[in-house]
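First comes the structure, then the notes that go with it.
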Amino acid sequence: NYKAYYVKKTMKDESEQYSFNAGASLVCAIVLFLLSGCKIEMSVYSLLLGIAFGVITMAYSIMNAKAIKIGPYGYTTVIVSLSTAITALSGAIFWQETLNVFKIIGIVLMLGCFVLAVDTENDGDKKANWAWFILCIITLLTCAGIGLLQKVHQTSEYKNELMGFLIVAFVTSSIISLGGYFVFRK
């Protein structure tokens, strides 16, 4: 995984996490803008939800990098992947989606993967600790938030404004990350 390598091997301080996220988010925004034909439709709804999505996306990316940096990569990945269980369950609760056998099996398999990862993880000197675990939980929740905000936008009457929504999100993530870079640089 390129991000795990970058975070563990080349990232020296927290400002580099923000710098990486600012650059990656800006590239995503530019690519989406070009794919949209340099035209975007935007309502206030999509603008505000896009800003919220950008904040949550930025928080996810930064918290995930911090968790990977201080703890075991395998555990981090498995814990964060449990966020899909939250989005699956929220679909059943908030959007009256059917929680079918396949979704239940998927959730059980994810939990099984967690148990197996705990037994087989070997990440050198990186050990699980409370700071890492709290970062993993925050990352799990922000990752779930990403899925939920996408669902909220795509089930609204403004779903045709997807490109604008995503561009605003990535620009927001880039701007906040750039601010974080200046705050944390040494």
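Criterion first (surrounded by 12 or more Cβ atoms within 10 Å (Cβ to Cβ) and at pLDDT 85 or above) does Cys113 satisfy it?
no
If a residue counts only when it is of a type in the set (A, V, I, L, M), modelled with pLDDT of 90 or more and closer than 18 Å to Ile176 by Cβ, which helices (runs of 4 or more DSSP H) contained entirely in the stretch 1-89 have at least 2 such residues?
Of the helices (runs of 4 or more DSSP H) lying wholly inside the stretch 1-89, those with at least 2 residues that are of a type in the set (A, V, I, L, M), modelled with pLDDT of 90 or more and closer than 18 Å to Ile176 by Cβ span 14-35, 44-70.
Kindly list, by first and then second residue, each pair from a residue in the stretch 73-99 that is farther than 27 Å from Tyr6 by Cβ to a residue that is open to solvent by 50 Å² or more (accessible area, probe 1.4 Å) and not in a helix (DSSP H, G or I), limited to pairs with Cβ atoms under 8 Å and residues at least 6 apart or on different chains.
Partner pairs satisfying both residue conditions: Ala88/Leu99; Leu89/Leu99; Gly91/Glu97; Gly91/Leu99; Ala92/Thr98; Ala92/Leu99; Trp95/Thr155.
Report yes if some residue within the stretch 101-116 is touching a residue at least 12 places away in the same chain (Cβ under 8 Å) and closer than 25 Å to Ser177 by Cβ; otherwise report no.
The answer is no; no qualifying residue exists.
Could you run through the stretch 8-35 and say how many residues are touching a helix residue (DSSP H, G or I) at 6+ places or on another chain (Cβ under 6 Å) and either basic (Lys, Arg) or closer than 17 Å to Gln150 by Cβ (or both)?
Total satisfying the criteria: 4.
Might you check whether a residue that is within 30 Å of Leu111 (Cα to Cα) and either aromatic (Phe, Trp, Tyr) or open to solvent by 40 Å² or more (accessible area, probe 1.4 Å) (or both) occurs anywhere in the stretch 38-47?
no
Could you tell me whether Ala92 is surrounded by 15 or more Cβ atoms within 10 Å (Cβ to Cβ), on the phi < 0 side of the Ramachandran plot and part of a helix (DSSP H, G or I)?
no
The values are calculated or read from the model by the stated rules, or taken from the named source; none is laboratory data. Note that this is a predicted model, so its numbers are computed, not measured. So basically every Cβ, Gly included, is an ideal-geometry build from the backbone, and we count neighbours across all protein chains shown. Keep in mind that these areas ignore ligands, DNA and RNA; they rest on the heavy atoms of the full protein, side chains included. Shrake-Rupley method; radii C 1.70, N 1.55, O 1.52, S 1.80 Å.
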